[in-house]
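Novice: So that we are looking at the same thing, I have put the structure below in structure tokens.
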Amino acid sequence: MNHLLKLLDCSKDEIINILDLADQLKYEKKHNIPHRHLEGKSLGMIFQKFSTRTRVSFETGMYQLGGQALFLTNHDLQIGRGELVKDTARVLSRYLDGIVIRTYDQAEAETLADCGSIPVINGLTNFAHPCQVLADLMTVREHFAQLEGLKMGFVGDGFNMCNSLIVGCLKVGMKVSVATPEGYEPDAKVLAFAEEMKKQGASFELSHDIHQAADNADVLFTDAWIGMGQEAEAEKRRAAFAGFTVDHDLLSCCKEGVMVQHCLPAHRGEEITDEVLEEHADEIFEESENRLHAQKAVMVMLMSEKSDFHI
Ligand code: CP
């Protein structure tokens with residue numbers, strides 16, 4: 001594994017190795033144990049969409065690992081004036097040791113990886129959000145001390161978060177039940193993967209019924225109804241997603257003690273009520289914190305020269 005572009009590219013062992021190193025790095029951070037595995041290394045951060053968590057966790061994570069991060073937007077790079085991604089990849093590969101990219105089209109992240117010679121990490125595309133789901137799996141495993149056999153329910157848009165959750169959860173042996181409004185189903189490649197996994201005994205359901213997704217769930221996920229770049233469709237989306245709110249009534253269908261996760265930012269009164277978010281705030285903000293530890297693990301594994309860190 002030379003890049004982290006999507007969880008479809010990762011094996012179960014690779015995912016578990018990242019989670020194990022993330023746990024170790026979290027312990028070291030909490031106990032002030034130095035872990036400067038990327039001393040002298042530079043990470044370029046190409047962001048074409050807004051970000052709080054991804055940007056700040058990558059920048060501070062790189063600093064804690066002894067390296068530096070350069071935040072680069074469309075307004076800074078010649079990419080914003082039409083320079084090709086394949087040329088940008090070849091130039092940046094000569095200065096940097098790794099790149100994280102947040103953009104719209106998954107193909108852009110893949111081209112950056114194909115044409116450059118340094119690791120590329122997907123910091124969110126319209127297709128996938130692998131760093132978020134690694135942090136999610138880390139948080140769920142911390143909470144339950146296991147992943148295999150747990151049921152993950154997802155209620156909302158079959159977009160990047162849903163795509164990556166389906167893949168990540170199925171790969172680590174979780175049961176997955178997804179409910180989306182009609183017309184907002186997950187990507188066809190992800191559904192094909194889920195069908196293949198079902199043939200090997202995995203449990204996967206896709207419906208338009210939020211109660212089916214929540215039924216007996218150990219952990220319930222949701223995500224924004226209106227993603228970045230979808231603002232023009234806001235009213236249409238609010239109408240389509242009406243009823244897809246994680247509230248107390250829906251939680252009563254889940255297993256007692258259900259964990260609630262949200263990648264944030266949250267839109268209270270849309271995909272989740274204020275009451276549910278506040279009651280599950282410890283779990284949800286732990287999930288945010290774990291972005292830092294999970295991404296540090298990914299960077300160490302992809303960018304460190306020490307062979308014991310390689311995935
Ligand atoms: N969850 C997430 O990716 O947050 P940001 O958009 O703030 O980075």
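Novice: Can you name the number of the only condition in (1) within 26 Å of Ala266 (Cα to Cα); (2) touching a Lys or Arg at 6+ places or on another chain (Cβ under 7 Å); (3) of a type outside the set (Phe, Trp, Tyr) that Ile15 fails?
Specialist: Of (1) within 26 Å of Ala266 (Cα to Cα); (2) touching a Lys or Arg at 6+ places or on another chain (Cβ under 7 Å); (3) of a type outside the set (Phe, Trp, Tyr), only one is false for Ile15: (1).
Novice: I need the strands (runs of 3 or more DSSP E) fully contained in segment 49-122, keeping only those with at least 3 residues that are modelled with pLDDT of 95 or more and either touching a Cys at 6+ places or on another chain (Cβ under 7 Å) or within 16 Å of the ligand (Cβ to nearest atom) (or both).
Specialist: Correct list: 68-73, 98-102.
Novice: Then there is this: Could you say whether any residue in segment 197-217 is more than 17 Å from the chain's Cα centre (by Cα), over 25 Å from Lys30 (Cα atoms), of a type in the set (Ser, Thr, Tyr) and open to solvent by less than 20 Å² (accessible area, probe 1.4 Å)?
Specialist: Yes, segment 197-217 contains a residue that is more than 17 Å from the chain's Cα centre (by Cα), over 25 Å from Lys30 (Cα atoms), of a type in the set (Ser, Thr, Tyr) and open to solvent by less than 20 Å² (accessible area, probe 1.4 Å).
Novice: Every residue in segment 123-153 that is buried (at least 24 other Cβ atoms within 10 Å of the Cβ), away from the ligand (no atom under 16 Å from the Cβ) and not aliphatic (A, V, I, L, M), please.
Specialist: Selection gives Gly153 alone.
Novice: Identify the residue in segment 86-112 that is among the β-branched types (Val, Ile, Thr) and open to solvent by less than 30 Å² (accessible area, probe 1.4 Å) and, among all such residues, is nearest to Met161 (Cα to Cα).
Specialist: Looking at the filtered set, the residue picked out is Thr103.
Novice: Follow-up. Filter segment 230-264 down to residues that are within 19 Å of Phe144 (Cα to Cα) and within 16 Å of the ligand (Cβ to nearest atom), then give me how many there are.
Specialist: Result for segment 230-264: 4.
Novice: Any idea how many residues of segment 281-311 are open to solvent by 70 Å² or more (accessible area, probe 1.4 Å) and either within 16 Å of the ligand (Cβ to nearest atom) or assigned to a loop (DSSP other than H, G, I, E, B) (or both)?
Specialist: 4
Novice: Of the residues Gly229, Gly183, Gly173, Gly156, which single one is open to solvent by 20 Å² or more (accessible area, probe 1.4 Å), in contact with an Asp or Glu (Cβ under 8 Å, 6 or more places away or on another chain) and on the phi > 0 side of the Ramachandran plot?
Specialist: Sole residue among the options that is open to solvent by 20 Å² or more (accessible area, probe 1.4 Å), in contact with an Asp or Glu (Cβ under 8 Å, 6 or more places away or on another chain) and on the phi > 0 side of the Ramachandran plot: Gly173.
Novice: Could you tell me whether any residue of segment 253-261 is open to solvent by 70 Å² or more (accessible area, probe 1.4 Å) and either modelled with pLDDT of 95 or more or of a type in the set (S, T, N, Q) (or both)?
Specialist: Within segment 253-261, one or more residues are open to solvent by 70 Å² or more (accessible area, probe 1.4 Å) and either modelled with pLDDT of 95 or more or of a type in the set (S, T, N, Q) (or both).
Novice: Can you tell which of Leu25, Leu21, Leu43, Leu4 is within 16 Å of the ligand (Cβ to nearest atom), surrounded by 14 or more Cβ atoms within 10 Å (Cβ to Cβ), of a type in the set (A, V, I, L, M, F, W, C) and within 20 Å of Thr139 (Cα to Cα)?
Specialist: Leu4
Novice: When Gly156 is evaluated against the numbered criteria (1) more than 26 Å from Gly243 (Cβ to Cβ); (2) within 14 Å of the ligand (Cβ to nearest atom), which criterion, by number, is the only one it fails?
Specialist: Status for Gly156: all satisfied but (1).
Novice: For the structure I just gave you, tell me whether Cys162 is over 21 Å from Met228 (Cα atoms) and either at pLDDT below 95 or open to solvent by less than 10 Å² (accessible area, probe 1.4 Å) (or both).
Specialist: So Cys162 fails the test.
Novice: Quick one: is Glu278 within 15 Å of the ligand (Cβ to nearest atom), out of contact with any Leu (no Cβ under 8 Å at 6 or more places or on another chain), part of a helix (DSSP H, G or I) and open to solvent by 50 Å² or more (accessible area, probe 1.4 Å)?
Specialist: So Glu278 fails the test.
The values are calculated or read from the model by the stated rules, or taken from the named source; none is laboratory data. In this text the structure is predicted, and so the values were computed from the model without any measurement. No Cβ is skipped: glycine too gets one built from the backbone with ideal geometry, and neighbour counts run over all protein chains shown. Areas reflect the complete protein model, heavy atoms only, side chains present, ligands, DNA and RNA absent. Shrake-Rupley method; radii C 1.70, N 1.55, O 1.52, S 1.80 Å.
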